[in-house]
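The values are calculated or read from the model by the stated rules, or taken from the named source; none is laboratory data. Remember, it's a predicted structure, so these values are computed and weren't measured experimentally. Cβ sites come from the backbone with ideal geometry, for glycine too, and all protein chains shown count toward neighbours. Ligands, DNA and RNA are excluded from the accessible area calculation, which covers all protein heavy atoms including side chains. Shrake-Rupley method; radii C 1.70, N 1.55, O 1.52, S 1.80 Å.
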Number of protein chains: 2
Amino acid sequence: MASAIRFDIRATDGGARFASLVTPHAEVTTPAFMPVGTRAAVKAMAPDELRSMGYRLILANAYHLAVRPGARIVREMGGLAQFMGFDGAVLTDSGGFQAMSLAKINSIGTDGIKFRSHLDGSALMLTPEAAIEIQQDLGADIMMALDECTPYPADYERAQSSLELTAQWAERSIMARRSEGQALFGILQGSIYPDLRRRSAMQITSLGFDGFAVGGLSVGEPKQAMRDMAALSAMMLPADKPRYLMGVGTPQDLLAAIAMGYDLFDCVLPTRNARNGSAFTSEGRISIKRAAYIRDGQPLDPRCDCRPCRQFSRAYLRHLYLSGEILAARALTEHNLFFYARLMREAQAAIASRTYKAFASYLLNLLGEPNKPANLTNKNNKNAV
Amino acid sequence: MASAIRFDIRATDGGARFASLVTPHAEVTTPAFMPVGTRAAVKAMAPDELRSMGYRLILANAYHLAVRPGARIVREMGGLAQFMGFDGAVLTDSGGFQAMSLAKINSIGTDGIKFRSHLDGSALMLTPEAAIEIQQDLGADIMMALDECTPYPADYERAQSSLELTAQWAERSIMARRSEGQALFGILQGSIYPDLRRRSAMQITSLGFDGFAVGGLSVGEPKQAMRDMAALSAMMLPADKPRYLMGVGTPQDLLAAIAMGYDLFDCVLPTRNARNGSAFTSEGRISIKRAAYIRDGQPLDPRCDCRPCRQFSRAYLRHLYLSGEILAARALTEHNLFFYARLMREAQAAIASRTYKAFASYLLNLLGEPNKPANLTNKNNKNAV
């Protein structure tokens, strides 16, 4: 089957790649960050705002959309991009992550994942074949094969059996695919065990996927283990296809992962943190709640020229946040996504000019180290999607 | 004291007036609807969006802003318009309405209203003088004298004593005023008693206010009583000053009130209804929740060209609303405020061309009668602001 996407590497700098990814709905320059639009909306944002920040590719979730409004409805409405009014492309995650994050309402067998709808308790059997069918109905530019996202911690045997299941499901996903106009990515697992990561890479890259994702990271493991596994996996992936590091991460993580040769990223950090009053700035994260901002007439980040930074002071944003105003979530989300978009644009330019290493060092020095472990999602986090 | 505003009537048609109201921050053409921005934000909207819909004057609330962030803070930040980043003017309500809507946490005496903060229970004494001082600090273009908003129902004696208190407070408000750069409006009361409405009009219009507001309506009384009292009060108001009908109302109410000679309006309907999934359309109100919209690819209102109607289908908005997405509140709020803004623009044009009566009949016929009594605010409504 001819690939539904074209991936052209325009420049490399060390391991880092600057490339063009052409999908049925958009041309995306990479490295690219995908804002998370779980339920066919990036929380608090309008599609034209994402577009004007430069985003051409966003992520949505097959499981959530199959539950509501239903994949067939989205198909009838012309597919996800059309349904959302988004002038761009959509990648859909398959639901394997939700099998972990919503673990209380599902069970995993060889055939697939049995969900109880988080809305009404009705049963949904997500097999690799069903996940493909749903994503075909959703009209995703890029579909993800159903995997079992190995939770952390997992002992070696557990991680190994999870990986084997993911490999079987990957083959079944390839077989189930019908639509020529949609790309399909496979997902690597292997927890924090180097030999399992290698094995998973060999299994998945031997199949005819259009691109490869590394999963099962940023699920609670130590930051160094995340980076080691990401680096190891990247080296096992073919150079001529897109590489997607799932669920990562902080700006610092992205800078490191770009150097490893990753092209695509997604993470709830910029959007979720925004709703919790936390902003990414050129000098690190700030919490808008701080009493120090009561009379602060400066923008969130004096070096930023996003729309909120051109309009609002920290004092006003603090007031909005404490008052529970929707505009606080909007402004901080827009600011954070602008920050991530600019980070990617600057990384692309640095790779093109072969100055990526200096660029990354400079930025890491400005940003400082994030003070949290790579633990964006775990079962105790009721915000997990 | 020279007035801080200029009010020039450009055309009349029957009782209806088309005028220009120039305040320190903006020129407003009237009849004008003021979106409600209680806490210095119109819920779900950004100030530049209000501006691009044509809004030059919005309403904020002195009591709420005195509690948080504090009027002095707003003063230090350059006043409300500057604080909000709003390129326009602000009218502040004094807090008299909150004395009624938050009745559990206040008591009213001759001197003023004793509030317990709805946030932390701390005491706040709102006298007519304090209300002026707060509004001067807030830098409102138009300040409102503190009144007692007579609740409904009120027996004649209660309504009379409430009216007398409001008259005393009106005099004290005039005396307390210091800032030359801010206009001050007086408020009429009188419940549903015609002679009390007349008496209140005589009392308040005898004082040196820059404009006059009719209060104590849309608080639970029958729709016809509201319209009768509004019509009666309008006739008692001087022709050369702005007339503001507070808290009203539906598009149908506005059309009627414009014919009576009112110039300014505010109401939570377009914004609150939006957050509850209800949209004003050229064919009446619709609820976006309806199952009929599951596959409906049409915009909210096919005759509307607001930004949401150019971007989103009913099917998508229904999905967003049921998913609790902020974008649903944003899109419906923007649509409803656009509907109100257009209603006012068209009313202005109709008055200018002396076709107001035909215009209003045409629209009333399209819109149908609203099916609810004039009861936007009562003590059982926990959303009361």
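Remarks
- With K and R counted +1 and D and E -1, the other residues having a Cβ less than 9 Å from that of residue B:124 yield a net charge of +2.
- Placing pseudo-labels 7 Å out from each Cα toward the beta carbon at residue A:235 and residue A:352 gives an inter-label distance of 3.1 nm.
- The largest accessible area among A:114, B:223 belongs to the first residue in A:114, B:223, and the rest follow in falling order (1.4 Å probe, all chains).
- Greater than 32 Å apart at Cα, pairs in A:104/A:357; A:223/A:289; A:223/B:43; A:43/A:104; B:43/B:289; A:241/A:357: A:104/A:357; A:223/B:43
- Accessible area (Å², per residue) of the stretch A:134-264, counting only protein heavy atoms and a probe of 1.4 Å: 30
- Over the protein assembly as shown, the pair-distance histogram of Cα-Cα distances with 20 Å bins from zero comes to 16, 42, 28, 13, 1 percent, rounded to whole numbers.
- Zero-based 10 Å bins, Cα pair distances in the stretch A:78-196, whole percents: 14, 41, 33, 11, 1
- Counting only whole DSSP H helices of chain B, the ones at least 24 Å long by C-alpha along their axis and with mean Kyte-Doolittle hydropathy no lower than 0.0 are B:326-352.
- The heavy atoms of residue A:266 present about 20 square angstrom of accessible area, all protein chains included, probe 1.4 Å.
- Estimated dipole of the protein assembly as shown in Debye, rounded to 20 [Cβ of Lys and Arg +1, of Asp and Glu -1, Cα centre]: 400
- FRET efficiency estimate (nearest 0.05) - Cβ-Cβ, residue B:76 to residue B:195, R0 56 angstrom: 0.75
- Antiparallel %, DSSP beta bridges [both residues in chain B], to 5: 50
- Inter-centroid distance (Cα atoms) of the stretch A:282-346 relative to the stretch A:86-129, Å: 34
- Rg ratio (alpha-carbon, reference 2.2 N^0.38 Å) - the stretch A:207-327: 1.34
- At a threshold of 10 Å², the residues of the stretch B:19-61 that become less accessible to a 1.4 Å probe in the full protein assembly than in their chain on its own are B:39, B:40, B:41, B:43, B:44, B:45, B:46, B:47, B:48, B:49.
- Protein-only accessible surface order, largest first, of B:13, A:87 at 1.4 Å: A:87, B:13
- For residue A:59, the solvent-accessible surface with a 1.4 Å probe is about 10 Å², rounded to the nearest 10.
- Ranking B:37, A:91, A:322 by Cα position along the charge dipole of the protein assembly as shown, where only Lys, Arg, Asp and Glu carry charges on their C-beta atoms, puts A:322 farthest toward the positive end.
- When DSSP beta bridges are restricted to pairs lying wholly in the stretch B:44-158, around 50% turn out antiparallel.
- Of the solvent-accessible surface of chain B, computed with a 1.4 Å probe over protein heavy atoms with every protein chain present, carbon and sulfur atoms account for 50 percent.
- Surface listing: B:275, A:75, A:172, A:197 arranged by accessible area from highest to lowest gives A:75, B:275, A:172, A:197, probe 1.4 Å.
- Surrounding net charge for residue B:359, when Lys and Arg each add one and Asp and Glu each subtract one, Cβ distance under 13 Å: +2
- Association of chains A and B removes close to 3300 square angstrom of accessible area from solvent, both sides included, for a probe radius of 1.4 Å.
- When only alpha carbons are used to place a centre, the stretch B:187-255 and the stretch A:1-76 end up 55 Å from one another.
- Residue of A:216, A:247, A:121 that the Gaussian network model of chain A assigns the largest fluctuation, springs spanning Cα pairs under 10 Å: A:121
- For residue B:10, the amide hydrogen comes within under 5 Å of the amide hydrogens of B:18, B:19, B:20, counting only partners 5 or more places away or on other chains and with H modelled in the peptide plane.
- Sequence-distant contacts, meaning Cα pairs under 8 Å at least 6 residues apart, place the relative contact order of chain B at 18 percent.
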